[in-house]
Structures are given as structure tokens and as C-alpha cells.
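See below for the structure under consideration.
Read-outs throughout are calculated quantities, based only on the coordinates presented, and are distinct from any laboratory measurement. What you see is a predicted model, and the numbers here were worked out from it, not measured in a lab. Glycine gets a Cβ as well: all are built from the backbone with ideal geometry, and neighbour counts include every protein chain shown.
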Amino acid sequence: MTPPALGATYRLQLHKDFTFEDARRLVPYLKRLGVTHLYASPILKARPGSTHGYDVADPTVANPELGGEEARKRLVAEIAGAGLALLLDIVPNHMGTGSANPFWEDVLTHGPASRYASWFDIRWSGTAEPLQGRVLLPVLGDKLPAVIERRELGVALVDGRLRTTYFENQFPIDPATYPLVLERALAARRGAKERTAPRPGDVERLRTIAEALGSLPRRVRAHAEQRAARASELLDELATLLKKSAPLRRRVEAAAEGFARGAKGRERMLELVQAQPYRLAFWRSAQRLINYRRFFDINELIAL
């Protein structure tokens, strides 16, 4: 079908309260107005709750908050059936950061060794020493030592993966540093509140996984494919083990929750965060230390 000549456009701002279906119902009205092209705001998966869609999190998926792929197809069919055409804003110059973006998550997990490191405009080298091979995350409300002192940073087991936590924020942990947490679970003894101890075989399997994770290739591009494949295999094995063994999962959860506590909790937390391919920093430091290109000065929109 030949698209109509561009005559009049009508822009629609799509979000969770005005979806593909809402837009579809407007098509007959727009045709009567003499509109030839419906101009839609970004329709790709954005960060949760986005009201504008310019913080794309996954360009391979139609935004589920707008109704998902099937609703998108119905909108396109309605537009085509009315003899109109669809214009899309595809946002090719930046993406939204955060845990909803699987490609950004991979970069925060593997650093320069991520398969997606080249997607983003990050300066991995030629920066100040604390940022060599790391990306700045200016998300803290104070300097790192003060945040750790107040025990605002923590560790949690989420869906079988270890993550650092800072209030509502979560960040992935380099699999090679998992042993810092898992070794505490392996050293734990059966407590009075522990109804069932993990089976010895499960404990030994956890020990084997921890040792293998600690031996992952370094975070350099030359090891990208090998590191990603091996890490994925080991993390899936860990998640399966913890799903199968509730007693062992509870020990790992306890090790994560108590990681920043106790006399040496601050030291452990500092060691863990300094070993990551990202540097958690005071938000004010972005102005002088940021080592990735942004959309204007918005830290949450990283350039491609």
C-alpha cells in the first residue's frame, strides 16, 4: 500500500493513561479532520511510569505500558485501513538508564567487557584513576564514605542475583565479586532460628560456583564473549541452586542483608562497591567527573 502524501500531521503523546487502544479509537475522527499522518511519541519500552517515552529502556520491545505488541499492531491496522500513515519518533540518540534497561544493566555488570559497552558513549580510559575502566553513577545524596557510614548502601538477593541497594535504587554486581558475599554464607553456621540446615552437597555446590565466579576473566573487551557466556552460565546455576534449596537461599539472603552491618560492615561495603565497573558518587560530582555523554545535562539519559 502506498502511503498518503504528507498533508497534515496530528501528534499524540502516548503513556500508560493514553495507550495504543486510546489512539486507535481516535483514528476515524482524525481522518474526518483531514489528517494524513498520525505522529506518535516514542512507542518503544521506556522506563517504568514514563509520561513522554524519550527515556527508552529497550528498543526491541513495544512499550507494555502502552498495550504491548498486539495493541500496536491493532493501531497500525486501523491507521492503514483508514488510508492514513504513522510517523514515529524513534529516539536514536540516547536511552534511559536504570534497571529497566537490560543493555545498560549488562554494562554495569561487566564494564568495558560488556557486549553492549560500544552502544554507549562512555569514556573508559584517559580519565582520573578512580574512573579507569568504570562509569560514573552520580546518584548518591552525599559522598560515598558518608553514605556507607550511615549504612544507606546495602546488598540484596533479588530473583537469584545479588545487587547493591541505595534506597529505591538497585545496581547489578559484577559476578566476579559475588564471592565477597557468598563466602559469608558459606562460613555461616546453623543458627537457633534456622529450622533446616542446607544439605552438605548444596553447600559444596555453592562453594564451587563461588570459586568459579571469582575466576572469571578480567573486565576487558578482549574477554567480552567468554566472560559473558561463563558468567551467565554460573549465575543461572546459582539461581537454580537457590531456588531448589530454601535453606541455602535463606543463608545467602542473610549474608546479603547483613553484609554492611557489624564492626567490619563498612569496610566490606567499601571493598565491594570499589570493585564494581561503576563508581557510585555524590550527584554534585557529575559536573566535573561525568565520563559519559548525556542528553543535555540529564544523568539518566545516556547518549548512544
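Directionally averaged projected area (the stretch 20-165, Cα convex hull): 11.9 nm². Within the chain, DSSP assigns beta bridges of which about 60% are antiparallel (rounded to the nearest 5). Just want to confirm a number: the relative contact order over the chain, from Cα pairs under 8 angstrom separated by 6+ residues, in percent. Answer for the chain is 21 percent.
Between the helical axis of 246-257 and the dominant principal axis of the chain, each derived from Cα atoms, what acute angle in degrees is found, rounded to the nearest 10? Between helix and principal axis, roughly 90 degrees. Ordering of 151-157, 95-101 by packing is 95-101, 151-157, highest average first (other Cβ atoms within 10 Å, averaged per residue). For the chain, the longest principal axis of the C-alpha atoms and the axis of helix 200-214 are separated by about 70°. Compared with the dominant principal axis of the Cα atoms in the chain, helix 68-81 is inclined by about 10°. Mean sequence separation of contacting Cα pairs (under 8 Å, at least six apart), scaled by the length of the stretch 1-51, corresponds to a relative contact order of 55 percent. Distance from the Cα centroid of the stretch 77-111 to that of the stretch 154-222 is 33 Å (rounded to whole angstrom). Counting every other Cβ atom within 10 Å of each residue's Cβ, LEU84, LEU238, LEU289, LEU75 order from fewest to most as LEU289, LEU84, LEU238, LEU75.
Would you please give the FRET efficiency between ALA82 and THR51, computed as 1/(1 + (r/R0)^6) with r the Cβ-Cβ distance and R0 = 30 Å, to the nearest 0.05?
Numbers: r = 27 Å, r/R0 = 0.90.
Rounded to the nearest 0.05, the efficiency is 0.65.
Pairs of lysines in the chain whose Cα atoms sit within less than 22 Å of one another amount to 7, provided the residues are eight or more positions apart or on different chains. Okay, which of the stretch 144-167 sit inside 11 Å, backbone N to the point 7 Å along the Cα-Cβ direction of ALA239? Flagged as within label range: 158-162. Once you have all Cα-Cα distances for the chain, histogram them in 20 Å bins from zero and send the whole-percent values. All Cα pairs, binned at 20 Å, distribute as 29, 47, 22, 3 percent.
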